[in-house]
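The values are calculated or read from the model by the stated rules, or taken from the named source; none is laboratory data. None of the values given here were measured: they were computed from a predicted structure. Ideal geometry is used to build each Cβ from the backbone, glycine not excepted, and the neighbour counts take in all protein chains shown.
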Amino acid sequence: MKNARNLLIALLLLLTVAPLAASAQISVSAGISIGPSGRSSVDLGFFYDNLASYGNWIQRPTYGWVWTPRVVDNGWRPYQDGRWVWTDQGWTWISDEPYGWATYHYGRWYEDPDLGWSWVPGDQWAPAWVDWQEGDDYVGWAPLPPNYDIAGGYGGGYGYDSSYRLAPESYVFVQERYFLAPTIVNYVIPRQQVVTIFGRTRNYTNYRVSNNQVYNQGIPVDRIQRVVGRAVPRYQVADLGANDARQRTARISGNRVEIFRPQVQRNVQVAPPASRPAARRSVVSATQFQQQYPNRANRTNRVNREDRGNRAPEIQGTQAPQTQPRRQPTIAPGQPQVQPQDQPDRQRALPPGQARRQQNDAPPGQARRQQNAPPPGQARRQQPPQQQQEDQPQYQQRPPQRQQPPQVEPPPDRGNQAKPDNPKPDNSNNGKQRGKAKHQQKDRDRDRDRDQNPPPPPGRR
């Protein structure tokens, strides 16, 4: 009986102490536990609490809760303060910023039109989530947007996806010889030159996934070795020890790169930042953030407007209207040329005849003499007939002229003057004057013939 009682007490003690011992074994730090694979494990709430000291959590309509850093300058861009190293998983970013262990290896960045660069949390670790450009002795990279999916890369490479487009200003460019610099921020090309350099590069984005691990191939390592003139060290990615998990800063030890990269628990419901005591103090609205950091929002809006203005709209099935070149009218010799842009739009829209009447209040003949232009008949002969028909309407080919009195010669002596063999030619350009002079000459010839050959008297045959 006594033994049974002691056994029962021991069993109760075991049931009481065992959960506590198990909890102490799997709990490394607040919010960090050891998963079944032996790696540290966290949930999204760990990001909410630990990033609250370095930035603000803001709820956005597209991506939900996003985080943006608090103390950065206006020209700041992600993946700028740190260095690149070549590892067994490709190009790996080692950040000098205290929040880089999370924001450069989990989730994605995007440029919010109201907030600037903002980070969307994610649950998959990668050496870096960037888009690569290389060419003309320059290397550039920019954060991949949240809509970039590498699911198609399982078992193979995933190249450039043309369905998304990043603004050239989003890229960080350096010369290839400085690509492996320990402090790469000192060699970043100024933002004003990025657009020009971007146009001389090509895309090298290449990701693959194998055994649930992401490989960032990017720029060929052989290319970098040829440029720097030496072999590029190759490191092995390793987990940061449990004792150093509080620092969360990557470090190089021998041929290893020790990084804090816990597994993120999926399909786990966590409280949002506004409901968490540790993250609640960093929650603000978009309006409050704009009031506190107006320059960051203005810089982003200006870049987006310039990027939209430099790109032509791509609407399927729609073509931009083509402007036909204006036909230049033929100008008669001696007439001053008038450029189309010098004439008001109001006058160009009117019919040619009405516009000419508004421009010339004086009679057409007087206005033409003021311009020292040749007679209209001569100008029409110098102009090709087909071009004249296209450039001028039919009713403008013969503008009205002031009628001049015809020059009438005195009647010759009917008795002594003979009919001239070569009458004086009429050089008048007016058809009516030539016709009238011709009729007058016929009348004079008929009178002369009648005087020289009078008709016989009546009654004589």
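Selection of the range 55-87 for residues being assigned to a strand (DSSP E or B) and either more than 21 Å from PRO145 (Cβ to Cβ) or of a type in the set (A, V, I, L, M, F, W, C) (or both) yields TRP57, ILE58, TRP65, VAL66, TRP67, ARG83, TRP84, VAL85, TRP86, THR87.
For the range 254-268, the tally of residues that are modelled with pLDDT of 90 or more and over 18 Å from ASN50 (Cα atoms) stands at 5.
All conditions in (1) part of a helix (DSSP H, G or I); (2) buried (at least 16 other Cβ atoms within 10 Å of the Cβ) hold for THR287, with the sole exception of (2). Out of curiosity, is ARG39 touching a residue at least 60 places away in the same chain (Cβ under 8 Å) and over 24 Å from ARG191 (Cα atoms)? Here the answer is yes, as ARG39 does meet what is asked. Evaluating GLY64 against the criteria (1) modelled with pLDDT of 95 or more; (2) over 28 Å from GLN291 (Cβ atoms) leaves one unmet condition, (2). Checking each residue in the range 257-279 for being surrounded by 14 or more Cβ atoms within 10 Å (Cβ to Cβ) and without any contact (Cβ under 8 Å) to a residue 40 or more places away in the chain picks out only GLU258.
The one condition from (1) touching a Gly at 6+ places or on another chain (Cβ under 8 Å); (2) at pLDDT below 95; (3) over 20 Å from GLY116 (Cα atoms) that ARG70 does not meet is (3). Pairing each residue of the range 219-240 that is acidic (Asp, Glu) and surrounded by 12 or more Cβ atoms within 10 Å (Cβ to Cβ) with any residue that is in a loop (DSSP other than H, G, I, E, B) and at pLDDT below 95, provided the two are 6+ apart or on different chains, yields C-beta distances under 7 Å for ASP239/ARG39; ASP239/ARG261.
The residue that is surrounded by the most Cβ atoms within 10 Å (Cβ to Cβ), among those in the range 71-100 that are among the aliphatic types (A, V, I, L, M) and either over 21 Å from ARG230 (Cβ atoms) or free of Cβ contacts under 8 Å to residues at least 24 places away in the same chain (or both), is VAL72. Of everything in the range 136-192 that is assigned to a helix (DSSP H, G or I) and surrounded by fewer than 12 Cβ atoms within 10 Å (Cβ to Cβ), the residue that is modelled with the highest pLDDT is ASN186. Every listed requirement among (1) touching a residue at least 12 places away in the same chain (Cβ under 8 Å); (2) touching a Pro at 6+ places or on another chain (Cβ under 9 Å); (3) more than 20 Å from THR183 (Cα to Cα) is met by THR62 save one, (1). I'd like to check something: does the range 110-130 contain any residue that is over 25 Å from VAL264 (Cβ atoms) and in a loop (DSSP other than H, G, I, E, B)? For the range 110-130, residues over 25 Å from VAL264 (Cβ atoms) and in a loop (DSSP other than H, G, I, E, B): present.
When each of TYR207, TYR235, TYR215 is tested for being over 23 Å from the mean Cα position of the chain (by Cα), under 19 Å from GLY82 (Cα atoms) and not aliphatic (A, V, I, L, M), the lone residue that passes is TYR235. A single entry from ILE184, ILE197, ILE189 fulfils the requirement of being under 15 Å from TRP93 (Cα atoms) and aliphatic (A, V, I, L, M): ILE184.
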